[in-house]
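Written out below as structure tokens is the structure these notes cover.
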Amino acid sequence: MASREGKYNIKAISQIVGVQPGTLRAWERRYNIVDPVRNDSGHRLYTDRDLKTIKWLTDKVNNGFTISQAVSLLEKEAVFSVEEEDTATTTSKIKEDLLRALLSFQETRAQQLMDQAFSLYSIEKVVIEILGSLLISIGDLWGKGKITSAHEHYASQLIKTRIGIILYSFPSPPIMPRAIAVCGPNERHEVGLLIFTLFLKMKGFEVIYLGSSVDNQDVKIVVGEVQPSLLFMSCTMKENQEETISLVKEVKREFPSLSIGLGGAAFSNVEDESILSFIVGDSKQEWEHWINIKLTEIQMQ
């Protein structure tokens, strides 16, 4: 249990969370987020719980929320009621409950559960570890015939809409190279690409999201107009893999300096050596590794 004893001064808190003391004082005055005790000299002393609260709010601000939005989430949810629970157990329960709500077409309940997840964890953790993982589970259930296409479409569309709202409202002044994200030929499953695009934006990339149903020739036209450093293409269905690879090779021949990444279920466990260098991977760690390699190559050009 977090200690209730005041033991951190405002300078220590500032150094731990990376927020200036003046900003912390302003947050306290305006939002009453914490109520530090005072020592005999009248100086603020913060408890472990105060530190936990401030760190949580700072994480939300660093992930695109305004401080007022973060405080609103803090007030709406019992954020620290789970502090004694194991995090893995908590996220697992949220995924289970969310899957149940989605597959029973309970939109209000599903939205409430996603609100809860975003109040507890960072945007990146929720989108990649909870929603991304959930989409894989839904896809597996559909692939095994355990749910109908209607269930799969409903669940995917609701998650896609939520991620899209975050993607287009996320403040991300571009500090990294420009990229284009597009689904492969005939692909209609774009939620995975949305998740990856949000990941890129949080890394500081300027991403032009094209989504699905883009003509092959139009992809090349946009690449020519935009002149990006990276192009990411997603393919979920195995039957679309061959045409996606063909398009990637065409684009690479026309724009040899362009770094191209391939992702999606259709490219899991690929053994074709001619495209292995294009495969971005399935996990956040693999994404970061692939991007770091390509950024190094771009810098050397």
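Any read-out appearing in this document is the output of simple, stated calculations on the displayed coordinates, not a laboratory observation. Treat the numbers as computed from the prediction; the structure is a model and nothing was measured. Glycine gets a Cβ as well: all are built from the backbone with ideal geometry, and neighbour counts include every protein chain shown.
Rounded to the nearest 0.05, what FRET efficiency do Glu107 and Gln227 have when you use their Cβ-Cβ distance and R0 = 45 Å? That gives a FRET efficiency of 0.65. By how many degrees, 0 to 90 and rounded to 10, does the Cα axis of helix 241-254 deviate from the longest principal axis of the chain? It works out to around 90 degrees.
Only lysine pairs 8 or more places apart or on separate chains count here, and in the range 160-301 those with Cα atoms under 19 Å apart total 12.
Hydrodynamic radius of the range 223-289 by the Kirkwood approach over all distinct alpha-carbon pairs: 12.4 Å. Starting from the Cα gyration tensor of the range 119-220, take the square roots of the eigenvalues, sort them a ≥ b ≥ c, and report rounded, prolate or oblate (rounded when a/c is under 1.5, otherwise prolate if a/b is larger than b/c, else oblate). Taking the square roots of the gyration eigenvalues as a ≥ b ≥ c, the range 119-220 is oblate.
Kindly identify the range 10-61 as rounded, prolate or oblate by the Cα gyration tensor criterion: order the square roots of the eigenvalues as a ≥ b ≥ c, call it rounded if a/c is under 1.5, otherwise compare a/b with b/c, prolate if a/b is larger, else oblate. Since a/c reaches 1.5 and a/b is larger than b/c, the shape of the range 10-61 is classed as prolate. The alpha carbons of the chain stretch over 73, 49, 29 Å along the principal axes, in descending order.
Under 5 Å between amide hydrogens, built in the peptide plane, is the criterion, and for Gly261 it picks out Leu231, Phe232, Met233 among residues at least 5 positions away or on other chains. For the range 145-200, the Stokes-Einstein estimate of translational diffusion at 10 °C and a viscosity of 1.306 mPa s comes to 123 µm²/s, using the Kirkwood hydrodynamic radius over alpha-carbon pairs. Computed from the C-beta positions of Arg100 and Lys52, the FRET efficiency with R₀ = 25 Å rounds to 0.25.
To the nearest ten degrees, helix 191-202 and the longest principal axis of the Cα atoms of the chain are 60 degrees apart. Of Ile159, Ile208, Ile175, the sequence from fewest to most neighbouring Cβ atoms within 10 angstrom is Ile175, Ile208, Ile159. Amide H to amide H, with H built 1.01 Å from N, Val207 comes under 5 Å of Ala179, counting only residues 5 or more places away or on other chains. Of the beta bridges in the chain, as assigned by DSSP with both residues counted there, near 15 percent are antiparallel.
Karplus-derived 3J(HN,Hα) values for the range 146-151, using 6.51 cos²θ - 1.76 cosθ + 1.60 with θ = phi - 60°, are 8, 9, 7, 5, 5, 4 Hz; glycine and proline are entered as x. Residue-wise HN-Hα couplings along the range 212-221, as the Karplus relation 6.51 cos²θ - 1.76 cosθ + 1.60 with θ = phi - 60° gives them from phi, are 9, 6, 9, 4, 3, 5, 5, 4, 5, 5 Hz; Gly and Pro carry x. By the count of other C-beta atoms within 10 Å, a proxy for reagent exposure, Ser72, Ser229, Ser259, Ser169 are ordered fewest to most as Ser169, Ser72, Ser229, Ser259.
The H on the amide N of Glu187, modeled in the peptide plane, is under 5 Å from the matching H of Ser213, each at least 5 residues off or on a different chain.
Each label point was placed 7 Å from the Cα along the Cα-to-Cβ direction; for Glu273 and Asn32 their separation is 6.9 nm. Please check: in the Gaussian network model of the chain (C-alpha springs, under 10 Å), which one of Leu276, Leu57, Leu135 has the largest mean-square fluctuation. In the Gaussian network model the winner is Leu276.
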